[in-house]
1. How do the pairs read when you match residues in the range 470-497 that are without any contact (Cβ under 8 Å) to a residue 24 or more places away in the chain with residues anywhere that are part of a helix (DSSP H, G or I), using Cβ under 8 Å and keeping only pairs 6 or more apart or on different chains?
2. Here are some residues: Gly6, Gly83. Which one is modelled with pLDDT of 90 or more and open to solvent by less than 40 Å² (accessible area, probe 1.4 Å)?
3. Which residue is modelled with the lowest pLDDT, if the candidates are limited to the range 326-370 and must be under 15 Å from Asp418 (Cα atoms), open to solvent by 40 Å² or more (accessible area, probe 1.4 Å) and assigned to a helix (DSSP H, G or I)?
4. Keeping to the range 421-459, report how many residues are touching a strand residue (DSSP E or B) at 6+ places or on another chain (Cβ under 9 Å) and closer than 18 Å to Pro325 by Cβ.
5. Between Thr74, Thr43, which is under 33 Å from the mean Cα position of the chain (by Cα), surrounded by fewer than 23 Cβ atoms within 10 Å (Cβ to Cβ), at pLDDT 85 or above and polar (S, T, N, Q)?
6. If you go through the range 180-211 one residue at a time, how many are open to solvent by 70 Å² or more (accessible area, probe 1.4 Å), among the charged types (D, E, K, R) and either over 20 Å from Asp26 (Cα atoms) or free of Cβ contacts under 8 Å to residues at least 60 places away in the same chain (or both)?
7. Take the residues in the range 46-71 that are assigned to a strand (DSSP E or B) and open to solvent by 20 Å² or more (accessible area, probe 1.4 Å), then tell me which one is farthest from Gly170 (Cα to Cα).
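The values are calculated or read from the model by the stated rules, or taken from the named source; none is laboratory data. Here the structure is a predicted model, which is why all the values come from computation and not from measurement. Cβ placement follows ideal geometry from the backbone for every residue including glycine, while neighbour counts extend to all protein chains displayed. Side chains included, ligands, DNA and RNA excluded: accessible areas come from the protein's heavy atoms. Shrake-Rupley method; radii C 1.70, N 1.55, O 1.52, S 1.80 Å.
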Amino acid sequence: MSEKKGSLSINSENIFPIIKKWLYSDHDIFYRELISNGCDAITKLKKLALMGEYEEPEDPDYKITVTVNQKERTIVVEDNGMGMTAEEVDEYINQIAFSGAQDFLNKYKDKANEDQIIGHFGLGFYSAFMVADKVTIDTQSYQADAAPVHWESEGGTEFEMRDGDKEGIGTRITLYLNEDSAEFSNEYRAREVIEKYCGFMPFPIYLVNADAEPQYETIEKDELTDKDTVVETVVEEEKTEEKEKEDGTKETVVVSPRKEKYKILKRPVPLNDTNPLWNKHPNECTEEEYKAFYRKVFMDYREPLFWIHLNMDYPFNLKGILYFPKINTEYDSLEGTIKLYNNQVFIADNIKEVIPEYLLLLKGVIDCPDLPLNVSRSALQNDGFVKKISDYISKKVADKLSGMCKTERETYEKYWDDIAPFIKFGCIKDEKFAEKMNDYILFKNLDGKYLTLKDCLEENKEKHENTIFYVTDEKEQSQYINMFKKEGLDAVILPHNIDNPFISHLEQKNEGLKFVRIDADLNDTFKEETKEEDAEEFKKLGEKLSGIVKKALSADKLEVKAEKLKDTSVASMITVSEDTRRMQDMMKMYGMDSSMFGEEGETLVLNVNHPLVKYVLEHEDGEQTTAICEQLYDLAELSHGTLTPERMTKFIQRSNEIMMAAAKES
């Protein structure tokens, strides 16, 4: 072949800006592109062998080798795939750059649609110029009469092409890195990037550090293969020892026979797993394999709760594994990882358009060959195919959960507290998912028993129809829980941040249903019945008590309510109406100050059957009345939540004074 020179016409109006800005946001992506092109070249060669157009050697040993040299600031990516002829180099490397930007994009789209793998070079190859000042290609085609080709370009604008000297079929690309990209020739940085993008590519990827001292290992003779490079033969001489026989004579016995061992160059270990677990049939995978894969991929050494193996061929090709991780935190601080692959080539983490938003809290891998390698988020948002993938994943999760609830109820209940945030978030976000999960949402009651919504309503139908009482903090609301238990009333425990929007969602979906926190108001069950003729007198008593307490506390706006409670051990308590409290929670969620809308909506409930409240009513101007009112209010606040630092200081001081006074009297 005669030497050929030319211009690649890559300038600011042409292709480079598209490569740098539109197609590639991360410069380290060039490793993925060059290695995946190498895998593509091997895949195509294997296909040609299957079709009888190429005769494979007995042991083809297909692989990609990446050699880094930090001193020289170079990276070499070499494959033993199909290679290229001079005409193919001209077509794939030179001519593509002469096209205008629009033609280039059209070619790229056609290529991605018609052949899941982006051509043998073209698009991926040009990512090399993001990090390199000079790039060379040495390639030898599998075609018997093809000559090796050498191609080089500096700066990505001019090229030279001539006969090369490469031996053996395949392609070798050498990158002479620019100063800003020198880091990529560091062995540890290269390893990090390759493991990130290429950790599951279908052919072994080896990393060689040209700067490093060679490493050796010693093996037995029967372990030696043709691929090993023997450095030295190590002979271990025969070992004998003298032993006494039964008749008293001695004999020499061979303890260890003469052995030949071999010191060889350390065998390279591929950086990738060529047959990831998601490619296997679920029946072939063991529980330990699923757990080991989880630990390796997500570096999470806590065991996952359970997993879903996705395996679909029609109407689109999709494989993957979704893990439900163990959750130790509140819903709003959860963060999962869904890794997206195309034919075992890493594309991205957590692309929301492909995975339902609520499942981004899970950890998992999804491999979908029908998605393009270089994926534009804006394109995905308008892609009906992507919506189908998302719907399929949502359906599979719902099927798994509902199936577990039906056939493994005990296991489902064991996992419920951990998986509840996922499911509730999913129900809020996805109506179809909510419909499928409707009968499999569980509520844990005060006795630790798990009930469905239907069970909850049925259980409490006689006492409070269509109303479900709930607890958000078992410690803070312990006083109310005890009152409920004494009266044989039940409540469910809803401790997560997601529960507030979730119960609102359920109320909208179920007409007449109402969730009420147990400290929202006092159920009539807790009160003594007031006769009709005594109602007016009790009303006046309540007004009197309210006046005394407001004066003692200097709190005109405080709402005070007198009640005759059956439980005479309860002196005071705080209630907050359900609507007011939900509004407060919503404002807190959005970082708003609830006080800007007026008072907090708290009501101080005082039990007129308690001796301390009776004392206040009988000693309106008594010496201890103010202190008792303050103490009753602070105790009610403490049983409801916490006091401000200032109020807590006063409460402790006052408590000490009350105890000192009681001690003196005794």
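1. Filtered contacts from the range 470-497: Glu474/Ile481.
2. Working: Gly6 fails: modelled with pLDDT of 90 or more.
Result of the check over Gly6, Gly83: Gly83.
3. Selected residue: Asp332.
4. Result for the range 421-459: 1.
5. Details: Thr74 fails: under 33 Å from the mean Cα position of the chain (by Cα).
None of the others qualify; the one that does is Thr43.
6. Our first condition is that a residue be open to solvent by 70 Å² or more (accessible area, probe 1.4 Å); within the range 180-211, this holds for 180, 183, 188, 191-192, 195-196.
Still in the running and among the charged types (D, E, K, R): 180, 183, 191-192, 195-196.
From what's left, either over 20 Å from Asp26 (Cα atoms) or free of Cβ contacts under 8 Å to residues at least 60 places away in the same chain (or both): 180, 183, 192.
Looking only at that region, the number is 3.
7. The first filter runs over the range 46-71 and keeps only residues assigned to a strand (DSSP E or B), leaving 64-69.
If we keep only those that are open to solvent by 20 Å² or more (accessible area, probe 1.4 Å) too, we end up with 65, 67, 69.
Numbers: Thr65: 11, Thr67: 16, Asn69: 21 Å.
Applying the filter and picking the extreme gives Asn69.
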